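Report on the structure given below.
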Amino acid sequence: MIRIYYANDYEAMSRRAATFIAAQVLAKPDSVLGLATGSSPVGMYAELGRMCAAGEITFSRVHTVNLDEYYGLSPEHPQSYRYFMEKNFFSKIDIPAANTNLPDGKNPSPAAECARYDALIESLGGIDLQLLGIGHNGHIGFNEPADAFVPGTNCVDLTADTIEMNSRFFASADEVPKRALTMGIRAIMQAKKILMVVNGENKSQILERAFFGPVTPAVPASILQLHPDVVVCADAPAMAILAAKHPEAVIR
Ligand code: F6R
């Protein structure tokens, strides 16, 4: 089941998404949260940091597993997802460092790292709530459009486009990662709840396709239509097409 919540702007979207995470952690203080990087959840992380600082919520018993990490980047690299998470979230809340997990981009064996990560998720008892963003092409994590859904954590080759887009963040072209480790579709679909945050007009087309088009690995996020508990928090620009075509599906 999918519930789509309309927010006027990015701030309102972020507050609403933070409320869902807070409710999860209040109901189950030892929750396993699956987390994402990217621009969409930054405001939500800031709001959760504020709530934690204000004593409204504690993450002291929470465990986290992030969706993805660049292969080849150390945790200290400013473009690594570990660095992003420390800066935007972990440093702002009271979670023990040992409870936070991302794929290890420095493991010499990608295959061993993928197996380790899947075993870790299993040993935590699976994910209670998985946070997702969505790519313009419908990707979730680094699960890109393909001929089939990939179940387990896997190491993907980044497309030439993605490498090109990322190069602006790096000192030299050589530094741009060519591969990434990503949680697969199984762990995402086995999460008890999914929370997706989406903002910006440039996501409006893919948002409508993902939730109202056919379920297909050509749009990886479309598989979420088969998940029993999905909440989407989207701002007005991201919702433009969806709200016009399916007004009955939008919760205001
Ligand atoms: C990040 C991730 C990606 C992003 C997606 C949207 O960990 O898994 O799938 O969620 O690329 O990114 P933004 O939020 O920057 O538009």
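None of the figures in this text is laboratory data; all of them are computed from the coordinates on show. Remember, predicted model here, so these are calculated numbers, not experimental data. Neighbour counts are summed over all protein chains in view; Cβ atoms, including those assigned to glycine, are modelled from backbone coordinates with ideal geometry.
With the contact rule set at Cα under 8 Å and sequence spacing of 6 or more, what percent relative contact order holds for the range 1-155?
With pairs under 8 Å counted, the relative contact order is 25 percent.
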Cut-off 14 Å between beta-carbons: net charge of the residues surrounding Arg61, Lys and Arg +1, Asp and Glu -1: -2
Please enumerate, by chain and number, the lysines with C-alpha under 27 Å from the C-alpha of Lys92, excluding those fewer than 8 residues away in the same chain. Lys28, Lys106, Lys192, Lys193
In terms of modelled amide H atoms, which long-range or inter-chain residues lie less than 5 Å from the amide H of Lys106? Gly72
I want the local charge near Arg116. Using Cβ-Cβ distances under 13 Å, sum +1 for each Lys or Arg and -1 for each Asp or Glu among the other residues. -4
Determine the sum of side-chain charges near Leu181: Lys and Arg each +1, Asp and Glu each -1, restricted to other residues whose C-beta is under 9 angstrom from that of Leu181. -3
Under a 5 Å amide H to amide H cut-off, with H placed in plane at 1.01 Å, what residues pair with Gly34 once short-range neighbours are removed? Val65, Asp128, Leu129, Gln130, Leu131
Note the full-extension length gain between Ser74 and Asp157 as 0.36 nm times their separation in residues minus their Cα-Cα distance, in nm to one decimal. 28.1 nm
Would you mind telling me the antiparallel percentage of the DSSP bridges in the chain, rounded to 5? 30 percent
Span-like helices, the chain: DSSP H, alpha-carbon axial extent 18 Å or more, mean Kyte-Doolittle 0.0 or greater, which ones? 10-27
Given a Förster distance of 22 Å, the FRET efficiency implied by the Cβ-Cβ spacing of Ala53 and Asn202, rounded to the nearest 0.05, works out to 0.10
Burial ordering of Tyr45, Tyr83, fewest other beta-carbon atoms within 10 Å first: Tyr83, Tyr45
Sticking to Cα atoms, compute the Rg of the chain to one decimal and its Dmax as the biggest Cα-Cα distance, whole number, in Å. 17.2, 50
Let me spell out the model: positive unit charges on the Cβ of Lys and Arg, negative unit charges on the Cβ of Asp and Glu, origin at the Cα centre of the chain. What dipole size does that give, in debye rounded to 20? 520 debye
